[in-house]
């Protein structure tokens with residue numbers, strides 16, 4: 001079980017650091033580096049959902065701009081929204 005979680009975390013780290021835009025690589029990379037080891041269970045699943053969202057919507061959400069999708073009100077989204085890079 002622990003090996004599976006470690007594999008998932010490695011995939012999250014990779015996906016967070018290699019997004020497609022440098023801004024989101026740095027922002028999401030720093031965010032996951034700060035919080036990843038503290039997360040487990042549902043929080044980890046919420047983080048996976050967050051990193052699957054396209055860069056434009058994530059950037060707009062982070063900066064308080066309009067997005068094409070509705071973001072859930074959950075712990076991970078709130079942490080990301082309030083994260084200071």
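For the pair residue 2 and residue 63, the difference between a 0.36 nm per residue extended length and the Cα-Cα distance amounts to 18.4 nm.
Subtracting the Cα-Cα distance of residue 15 and residue 85 from their residue separation scaled by 0.36 nm leaves 23.4 nm. As a length-normalised measure over Cα pairs under 8 Å and 6 or more apart, the relative contact order of the chain settles at 27 percent. Sorting the segments 23-32, 52-61 by their mean number of nearby beta carbons within 10 angstrom, highest to lowest, gives 23-32, 52-61. Placing a label point 7 Å from the Cα of residue 52 along the Cα-to-Cβ direction, the residues of the range 1-19 whose backbone N falls under 18 Å from that point are 5, 7-19.
Would you calculate, for the chain, the mean residue ellipticity at 222 nm contributed by helices, counting each DSSP H stretch of 4 or more residues as -39,500 (n - 2.57) and dividing by all residues, to the nearest 500?
Result for the chain, helices only: -19500 deg cm²/dmol.
We did not get these values from a lab; they are worked out from the coordinates using the rules stated. No experiment lies behind these values; they were computed from the predicted model shown. So basically every Cβ, Gly included, is an ideal-geometry build from the backbone, and we count neighbours across all protein chains shown.
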